[in-house]
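The values are calculated or read from the model by the stated rules, or taken from the named source; none is laboratory data. Note that the coordinates shown come from a computational prediction; the quantities given were computed from them, not determined experimentally. Cβ: placed from backbone, ideal geometry, glycine included. Neighbour counts: every protein chain shown. Areas reflect the complete protein model, heavy atoms only, side chains present, ligands, DNA and RNA absent. Shrake-Rupley method; radii C 1.70, N 1.55, O 1.52, S 1.80 Å.
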Amino acid sequence: METYVQRFVVANWKMNGSQQLCDVFVSRFSDFNFNPEVEIVIAPPAVYLAHMRSAIMSSGLPLALGAQDCASGDNAPSTGDISSRMFKEVGARYVIVGHSERRALHCESSKIVGIKANAGLRGRLIPIICVGQNNRPINRETLTKQCRDSIPMNSHDFIVAYEPVYAIGTGIVPSNTEIEEAVCLIKDTVGDAVPVLYGGSVSPANCSEIFSVKNLGGVLVGGASLDPDSFIKICEVAHRF
Ligand code: PEP
């Protein structure tokens, strides 16, 4: 991981977007004042990665690409799956694993998430590992166990995104004290040097408040990342902190 990166802003498009949105997104960033301390990552659906990569390359902008989920193995008779090496080949630098939607809709346990995080590292991607409890308040034991089981073995080259499920797509955002408690707990579990991001209903309206959380490594943005203007506003605020 680049050591000078202080903060991450990650756009998780989930199963949304189009080639046209890739083009619009990149062109909206053309007069953005980039700062190497803030890494801006766009994670479109897998089928748009190559298109997004060529749009980024022709613009010359320092936007990074992320994949959403990867297979737990490498080459395998596994119809429909995509390995981390394949994502790397089409330009991804990061891979989001363990998102609560994968955990819920695809029955992925923390053990599977840990295996996928290892697979990401084998493909030379940096895993962004999502963790988070379903409801308030934080259950310290559950969150600690989820973190322990979801992280790769023998590496600190990963990122954790704290995403409480009740906050995803709902407009409900935990207080800064709650986020800070989670960040602290996660860092105690996975190591202080690992960046910990927050995700869940981040918007241009609330991101200044969220960025003021102590030791926060950035944000993972779902819904608001589909609107280039909203996402750019969040990136601008990230640059001010
Ligand atoms: C997410 O699902 O990763 C997410 C953070 O979504 P939203 O910003 O829409 O709550």
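Computed quantities for the displayed model
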item: Distance (nanometres) between label positions extended 7 Å along Cα→Cβ at ASP74 and CYS107; result: 2.9
item: Neighbourhood charge, 12 Å Cβ-Cβ cut-off, centred on LEU49 and excluding it, Lys, Arg +1 and Asp, Glu -1; result: +2
item: Charge sum, other residues only, whose C-beta stays under 12 Å from SER84's C-beta, Lys/Arg counted +1 and Asp/Glu -1; result: +2
item: Förster-model FRET efficiency, 22 Å R0, ASN139 and THR177, C-beta, rounded to 0.05; result: 0.85
item: Residue-level accessible surface for HIS106, protein heavy atoms, 1.4 Å, Å²; result: 100
item: Separation between Cα centres of the range 168-241 and the range 14-79, rounded to whole Å; result: 20
item: Around ARG28: net Lys/Arg minus Asp/Glu count, Cβ-Cβ under 15 Å; result: -4
item: Contact order relative to length of the chain, as percent, for alpha carbon pairs under 8 angstrom and 6 or more apart; result: 19
item: Portion, in percent, of the accessible area of the chain that falls on carbon or sulfur, probe 1.4 Å; result: 50
item: Among PHE231, PHE34, PHE158, residue whose mean-square fluctuation peaks in a GNM of the chain (springs only between Cα atoms under 10 Å); result: PHE34
item: Convex hull projection area averaged over all views, the range 7-239, Cα basis, nm²; result: 11.5
item: The chain: most fluctuating residue of ASP31, ASP229, ASP81 per GNM, C-alpha cutoff 10 Å; result: ASP31
item: Gaussian network model of the chain, springs between alpha carbon atoms under 10 Å - residue of THR142, THR177, THR79 with greatest fluctuation; result: THR79
item: Label-point gap, in nm, between HIS156 and ASN16 - each point 7 angstrom along Cα→Cβ; result: 3.6
item: Dipole magnitude of the chain about its Cα centre (Cβ charges: Lys, Arg +1; Asp, Glu -1), debye to nearest 20; result: 380
item: Sites excluded, GluC sites (Glu not before Pro) in DSSP loops with at most 15 other C-beta within 10 Å, longest stretch of the chain; result: 38-241
